[in-house]
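> Starting off with a structure, shown below.
The values are calculated or read from the model by the stated rules, or taken from the named source; none is laboratory data. None of the values given here were measured: they were computed from a predicted structure. Counting neighbours? That spans all protein chains shown, and the Cβs are built from the backbone with ideal geometry, glycine included.
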Amino acid sequence: SFIHTRSEQLYTEALEHIVGGVNSPSRSFKAVGGGAPVFMKRAQGAYFYDVDDNRYIDYLCAYGPIITGHAHPHITSAITRAAENGTLYGAPTELEIILARKLKAAIPSLDKVRFVNSGTEAVMTTIRVARAYTGRNKIIKFAGCYHGHSDLVLVAAGSGPSTLGIPDSAGIPPSIAQEVITVPFNDLDGLKQALERWGDEIAAVMVEPIVGNFGMVMPAPGFLEGLCKMTRDAGALVIYDEVITGFRFHYGLAQTYDVFPDKAAIEPDLTALGKIIGGGLPIGAYGGRKEIMEQVAPLGPAYQAGTMAGNPISISSGIACLEVLEQPGVYETMDALAATLAGAIKESADRHGVPLTVNRIRGSFSTHFCSHPVTNYDEAQDTDGEQFARFFRLMLEQGICLAPSKYEAWFLTTAHTEADIAETIEAAEIAFKAMAR
Ligand code: PMP
């Protein structure tokens, strides 16, 4: 078993100075029995090394952005080169055009784009733009979808807050909360009712087109088509939050993914991006139809700005990351490794009588401790958090790092190897055996 002496010391120290000892609540181990989270020292490829020199195979992948493995040489050298040319100008660069072009080439719904610093900012601004464009105030979102920590979307906000038992954050005025209507994911009837009731007040329907925040959950056949049609019929805009799903399953977004036969029928008006498009550095982006995006200053009346926005280091890192992902076979390899891993985990759990539902989409999958399917947030909540916590600890102590939340997915990278997968399968076998006892 691993020794965590230094992590425990640092956690005690961190608690004195940093609220909860962590700079994002999802990093806390509160939901998996508490105590010190593992403090990391460095990461390389598929591996993390903690301050006690334990090595872990990383499936957390920083909650999504790390898809080429840590410290990928192509990205690292792009970052270094950028830093040597100055870190921030407060003036435009050609780099921003290069990344914008790359995004547009992969995403037909993006006529115009704007770079920001986080997924939260990207989502927050899509809502402002939709309100400016429609002259309406309310939005509809889906229970369990997380769209960052801005006021409006923290209602019924899924994995992060729910893991810590606060599905609806304090500090949000009722006047703001009442501008959000929540509907269960995959429930077109629920959406229809909400649109009928509040139709002419709805500025936008916001959705993760493939959910990454209560496990990996596909939209039911026809769900996105129905959502887009009903939303437009009500005069509202469709906003896709593709902060997790962007460039995660293939070189493109969920909205351009081959599993959806009629792409025109599911095309959104606005899209929020983040995570992978920054190659591990802070970034966000939003974009969409020209006439909607032209609501944004300096062209239009909707204001959005950022001192750090489009900074040359994040942009260079993002360009380099997409260059790695453009290489042939990259996604196929992650897909194949994840299929082996997810299949073996399910088989091992079954053999030991541990109820487990595995949802896999290409190189990402979720493991819910339950025997029912997980297609919406209620089903994801109705899973065994204590079993997950045991599994999480048993894996951690064998050098396998997962997110400390029963809702989060496992992510593979281009750096994971067959040997890593074999090691992980062995660890899972030992974990399920212990849990069956
Ligand atoms: N949208 C989705 C779908 C996300 O998963 C997240 C982050 N997990 C966000 C928005 C917020 O992004 P950020 O943490 O960069 O603000």
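> Those residues that are under 21 Å from S364 (Cα atoms) and either in a loop (DSSP other than H, G, I, E, B) or touching a Lys or Arg at 6+ places or on another chain (Cβ under 6 Å) (or both), I need them from region 197-223; list them, please.
Result: E208, P209, I210, G212, N213, F214, G215, M216, M218, P219, A220, P221.
> Also: Which of (1) under 19 Å from E408 (Cβ atoms); (2) among the hydrophobic types (A, V, I, L, M, F, W, C); (3) away from the ligand (no atom under 16 Å from the Cβ) is the odd one out, the single condition A31 does not satisfy?
Single failed check for A31: (3).
> Right, another one. Within region 191-200, is even one residue touching a residue at least 60 places away in the same chain (Cβ under 8 Å), more than 27 Å from V374 (Cα to Cα) and either buried (at least 24 other Cβ atoms within 10 Å of the Cβ) or not aliphatic (A, V, I, L, M) (or both)?
Checked region 191-200: at least one residue is touching a residue at least 60 places away in the same chain (Cβ under 8 Å), more than 27 Å from V374 (Cα to Cα) and either buried (at least 24 other Cβ atoms within 10 Å of the Cβ) or not aliphatic (A, V, I, L, M) (or both).
> Same structure again: Being surrounded by 22 or more Cβ atoms within 10 Å (Cβ to Cβ) and of a type in the set (V, I, T) is the requirement here; does V153 meet it?
Against the criterion (surrounded by 22 or more Cβ atoms within 10 Å (Cβ to Cβ) and of a type in the set (V, I, T)), V153 qualifies.
> Right, something else. Given the criteria in contact with an Asp or Glu (Cβ under 9 Å, 6 or more places away or on another chain) and in a helix (DSSP H, G or I), does S348 qualify?
Answer is yes for this residue.
> Ok, one more. Scan (1) touching a residue at least 12 places away in the same chain (Cβ under 8 Å); (2) outside the structural domain of F392 (by TED's automatic domain parsing) for the single condition A305 breaks and write down its number.
Every listed condition holds for A305 apart from (1).
> Only one residue in G148, G144, G119 is farther than 18 Å from T271 by Cα, in contact (Cβ under 8 Å) with a residue 40 or more places away in the chain and not aromatic (F, W, Y). Which one?
G144
> Would you confirm whether or not region 265-279 contains a residue that is within 19 Å of I107 (Cβ to Cβ), more than 16 Å from the ligand (Cβ to nearest atom) and out of contact with any Cys (no Cβ under 8 Å at 6 or more places or on another chain)?
The answer is yes, given that some residue of region 265-279 is within 19 Å of I107 (Cβ to Cβ), more than 16 Å from the ligand (Cβ to nearest atom) and out of contact with any Cys (no Cβ under 8 Å at 6 or more places or on another chain).
> Same structure again: Just the residues that are buried (at least 17 other Cβ atoms within 10 Å of the Cβ) and in a helix (DSSP H, G or I), please, taken from region 298-324.
P312, I313, S314, I315, S316, S317, G318, I319, A320, C321, L322, V324 - these are the residues of region 298-324 that are buried (at least 17 other Cβ atoms within 10 Å of the Cβ) and in a helix (DSSP H, G or I).
> Let me ask something additional. Please state which one of T367, T340, T414 is outside the structural domain of P184 (by TED's automatic domain parsing) and touching a strand residue (DSSP E or B) at 6+ places or on another chain (Cβ under 8 Å).
Being outside the structural domain of P184 (by TED's automatic domain parsing) and touching a strand residue (DSSP E or B) at 6+ places or on another chain (Cβ under 8 Å) holds for just one of T367, T340, T414, which is T367.
> If a residue counts only when it is touching a residue at least 12 places away in the same chain (Cβ under 8 Å) and more than 23 Å from the chain's Cα centre (by Cα), which helices (runs of 4 or more DSSP H) contained entirely in region 359-437 have at least 3 such residues?
Answer list for region 359-437: 385-396, 418-436.
> From the list Y133, Y89, Y146, pick out the single residue that is assigned to a helix (DSSP H, G or I) and aromatic (F, W, Y).
Y133
> Next question, about the same structure. Does G226 meet the test of being more than 15 Å from the ligand (Cβ to nearest atom), in the same structural domain as A122 (by TED's automatic domain parsing) and either in a helix (DSSP H, G or I) or surrounded by 19 or more Cβ atoms within 10 Å (Cβ to Cβ) (or both)?
Yes, satisfied.
> Does region 1-16 hold any residues that are over 30 Å from the mean Cα position of the chain (by Cα) and among the small types (G, A, S), and which are they?
Answer for region 1-16, where residues must be over 30 Å from the mean Cα position of the chain (by Cα) and among the small types (G, A, S): just S1.
> With the requirement that a residue be under 19 Å from G318 (Cα atoms), in a loop (DSSP other than H, G, I, E, B) and more than 16 Å from the ligand (Cβ to nearest atom), what does region 47-71 give you?
Correct list: T68, G69, A71.
> Filter region 99-130 for residues that are more than 14 Å from the ligand (Cβ to nearest atom), small (G, A, S) and not in a helix (DSSP H, G or I) and give the result.
S109 - this is the single residue of region 99-130 that is more than 14 Å from the ligand (Cβ to nearest atom), small (G, A, S) and not in a helix (DSSP H, G or I).
> Which pairs do you get when a residue that is outside any loop (DSSP other than H, G, I, E, B), found in region 240-252, comes within reach of a residue that is within 7 Å of the ligand (Cβ to nearest atom) and of a type in the set (A, V, I, L, M), reach meaning Cβ atoms under 8 angstrom, with the pair 6+ apart or on two chains?
These pairs meet every condition: Y240/A272; D241/V123; D241/A272.
> Only one of I97, I57, I75, I79 is exposed (fewer than 13 other Cβ atoms within 10 Å of the Cβ) and modelled with pLDDT of 95 or more; which?
On inspection, the qualifying residue turns out to be I97.
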